[in-house]
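Contents: one structure, followed by commentary.
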Amino acid sequence: MQDEGRRVVMVAAYGDNRVIGADGEIPWRIPEDFAHFKEVTLGHTLLMGRATWDSIGRPLPGRTTVVLTRSESWSPGFEGVHVAHSLPDALALCASLPGDTIVAGGTQVYSAAMPFATHQVLTEVHLSPAGDAVYPEFSLVEWREVRRVARPDLGLDWVWWERVYFAGSDRA
Ligand SMILES: NC(=O)c1ccc[n+]([C@@H]2O[C@H](COP(=O)([O-])OP(=O)(O)OC[C@H]3O[C@@H](n4cnc5c(N)ncnc54)[C@H](OP(=O)(O)O)[C@@H]3O)[C@@H](O)[C@H]2O)c1
C-alpha cells in the first residue's frame, strides 16, 4: 500500500495520559508547539480525518490537505483540498502530492495509519487533561527514539521516532 521510500510521518501532541483531544478541540494552547507543527509540516501533505478538518475549518497555508471521510457527498468547501474515502486511497493520493505524507490526526486516522508510518514527530505535553481522543499505543520493538528536545520551560518534550521494524512483514 505504501510507496517504498515515501516518508509517512505521524505528527501529534499528546498528554502524559495520551489525551490529544476533548470535545473536538485540542485541550491546551501552546503557541510554541503550533510553531513547531508549522515548521515540521510546511511544504508537505497533511492527511487528516474529517473531524480534525472540522476543528481546523480551513486549509493550513503552505501545506496540501487530504481529508478522509466515508461520505461520498461531503465537500470541504475550499478549492485545492483533496478528499479520500479509504485509507489505501488516501495514502496513494498523498504519495502523489508534495513532500512527505504527514498524518495529522485525529485518533481514528492515527490508529488506522500507524501500521504504515515510517516516522513520528511527537510532542509530549506534560499535562493530563480530561479528553475523549487519545494517541494510539505503539511498540518499542518497532520504533526507536532518535532525538529529544526537552523544554521544561514550556512543559513539553519534542521527540522524533523512526521505525526500525514493520510487524507482520520482512521489510525491517
Ligand atoms: N493533539 C493533537 O496533536 C491532535 C491532532 C489532530 C486532532 N486532534 C484531536 O483529535 C480529535 C478528533 O479525532 P477523532 O478520532 O474523533 O476524528 P478524526 O480521526 O479526525 O476523524 C474521524 C473521521 O474521519 C473519517 N474516517 C476515519 N477513518 C476513516 C477511514 N478508514 N476511511 C474513511 N474515512 C475515515 C470519518 O469521517 P466521516 O464521519 O465524515 O465519514 C471519521 O468520522 C479532536 O479532538 C481533535 O482536536 C488532536
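The values are calculated or read from the model by the stated rules, or taken from the named source; none is laboratory data. This one's a predicted model, so the numbers in the text were calculated from it and none came from an experiment. Reconstructed Cβ throughout: ideal geometry from the backbone, glycine too, with neighbour counts over all protein chains shown.
Within the range 13-35, the residues that satisfy the criterion of being under 19 Å from ARG148 (Cα atoms) and either aromatic (Phe, Trp, Tyr) or within 11 Å of the ligand (Cβ to nearest atom) (or both) are ALA13, TYR14, GLY15, ARG18, ILE30, ASP33, PHE34.
Regarding the range 98-116, can at least one residue be identified that is in contact with a Lys or Arg (Cβ under 7 Å, 6 or more places away or on another chain) and in contact (Cβ under 8 Å) with a residue 60 or more places away in the chain?
First pass over the range 98-116, keeping only residues in contact with a Lys or Arg (Cβ under 7 Å, 6 or more places away or on another chain): 100-101.
Narrowing further to those that are in contact (Cβ under 8 Å) with a residue 60 or more places away in the chain: 100-101.
Looking through the range 98-116, at least one residue is in contact with a Lys or Arg (Cβ under 7 Å, 6 or more places away or on another chain) and in contact (Cβ under 8 Å) with a residue 60 or more places away in the chain.
Screening GLU79 with (1) over 17 Å from the mean Cα position of the chain (by Cα); (2) within 16 Å of the ligand (Cβ to nearest atom); (3) not small (Gly, Ala, Ser) gives one miss only, at (2).
Matching residues to (1) surrounded by fewer than 16 Cβ atoms within 10 Å (Cβ to Cβ); (2) modelled with pLDDT under 95; (3) of a type in the set (Gly, Ala, Ser); (4) closer than 16 Å to MET114 by Cβ:
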| position | (1), (2), (3), (4) |
| --- | --- |
| MET10 | no, no, no, yes |
| ARG29 | yes, no, no, no |
| THR45 | no, no, no, no |
| TRP53 | no, no, no, no |
| ARG58 | yes, no, no, no |
| THR65 | no, no, no, no |
| GLU72 | yes, no, no, no |
| HIS85 | yes, no, no, no |
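Given the criteria at pLDDT below 95, in contact with a strand residue (DSSP E or B) (Cβ under 8 Å, 6 or more places away or on another chain) and of a type in the set (Lys, Arg), does ARG6 qualify? It would help to see each step written out before you state the result.
Details: at pLDDT below 95: yes; in contact with a strand residue (DSSP E or B) (Cβ under 8 Å, 6 or more places away or on another chain): yes; of a type in the set (Lys, Arg): yes.
It is true that ARG6 is at pLDDT below 95, in contact with a strand residue (DSSP E or B) (Cβ under 8 Å, 6 or more places away or on another chain) and of a type in the set (Lys, Arg).
For the range 87-115, which residues satisfy the criterion of being in contact with a helix residue (DSSP H, G or I) (Cβ under 6 Å, 6 or more places away or on another chain) and surrounded by fewer than 20 Cβ atoms within 10 Å (Cβ to Cβ)? Of everything in the range 87-115, those that are in contact with a helix residue (DSSP H, G or I) (Cβ under 6 Å, 6 or more places away or on another chain) and surrounded by fewer than 20 Cβ atoms within 10 Å (Cβ to Cβ) turn out to be LEU87, ALA112. Considering ARG144, ARG148, ARG163, the condition of being basic (Lys, Arg), surrounded by 13 or more Cβ atoms within 10 Å (Cβ to Cβ) and more than 10 Å from the ligand (Cβ to nearest atom) is satisfied by ARG163 alone.
Of the set (1) out of contact with any strand residue (DSSP E or B) (no Cβ under 9 Å at 6 or more places or on another chain); (2) outside any loop (DSSP other than H, G, I, E, B); (3) within 14 Å of the ligand (Cβ to nearest atom), all apply to GLU39 but (3). Being within 25 Å of TRP158 (Cβ to Cβ), near the ligand (Cβ under 10 Å from one of its atoms) and out of contact with any Phe, Trp or Tyr (no Cβ under 6 Å at 6 or more places or on another chain) holds for only one residue in SER111, SER128, SER71, and it is SER111. Listed by first and then second residue, the pairs with beta-carbon distance under 7 Å, at least 6 apart or on different chains, first residue in the range 54-77 and in contact (Cβ under 8 Å) with a residue 12 or more places away in the chain, second among the aromatic types (Phe, Trp, Tyr) and in a loop (DSSP other than H, G, I, E, B), are ARG58/PHE78; PRO59/PHE78.
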